[in-house]
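J.: This is the structure I have questions about; it appears just below.
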Amino acid sequence: MTLTERYAEKFDVTKKEANAAIKSVAAAIIDALAEDGKAQMLDLGTFKVSTRAARIGRNPRTGEAVKIPEKKTVKFAAAKSVKETL
């Protein structure tokens, strides 16, 4: 079952309305990450922007060294209540 389907069932709304609500939350998280580098949702966890350093990797087919550039990524740390539930 998708997150949209679960939301629609739990709150007795259409899948279209559920999808709009989920997209709204996702957009708010993305905006917060872009602006502050961090987005916290109580009882769920914290999203943080992290930077992976540039490094040298290997092409698995040829074994040739490949330069991998620095990259921004998002890390998620689950809240205590989520960890206890799992």
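J.: Determine if region 26-33 includes at least one residue that is surrounded by 11 or more Cβ atoms within 10 Å (Cβ to Cβ), within 30 Å of E84 (Cβ to Cβ), touching a Gly at 6+ places or on another chain (Cβ under 6 Å) and at pLDDT 95 or above.
T.: No, that holds for no residue.
J.: Let me ask another. Are there any pairs with C-beta distances below 8 angstrom linking a residue in region 17-37 that is in contact (Cβ under 8 Å) with a residue 12 or more places away in the chain to a residue that is of a type in the set (V, I, T) and surrounded by 11 or more Cβ atoms within 10 Å (Cβ to Cβ), with the two at least 6 apart or on different chains, and if so which?
T.: Short answer, once both residue conditions are applied: A18/T4; N19/T4; A21/V13; I22/T4; L33/V49; L33/V74; G37/V49.
J.: Could you run through region 1-47 and say how many residues are under 14 Å from K75 (Cα atoms), of a type in the set (A, V, I, L, M) and not in a helix (DSSP H, G or I)?
T.: 3
J.: Step by step: first the residues of region 66-86, then only those that are exposed (fewer than 10 other Cβ atoms within 10 Å of the Cβ) and not charged (D, E, K, R), then the one that is farthest from I22 (Cα to Cα). Which residue is that?
T.: P69
The values are calculated or read from the model by the stated rules, or taken from the named source; none is laboratory data. Quantities reported herein were computed from a predicted structural model and do not represent experimental measurements. Cβ coordinates were reconstructed from backbone atoms using ideal geometry, including for glycine residues, and neighbour counts include every protein chain displayed.
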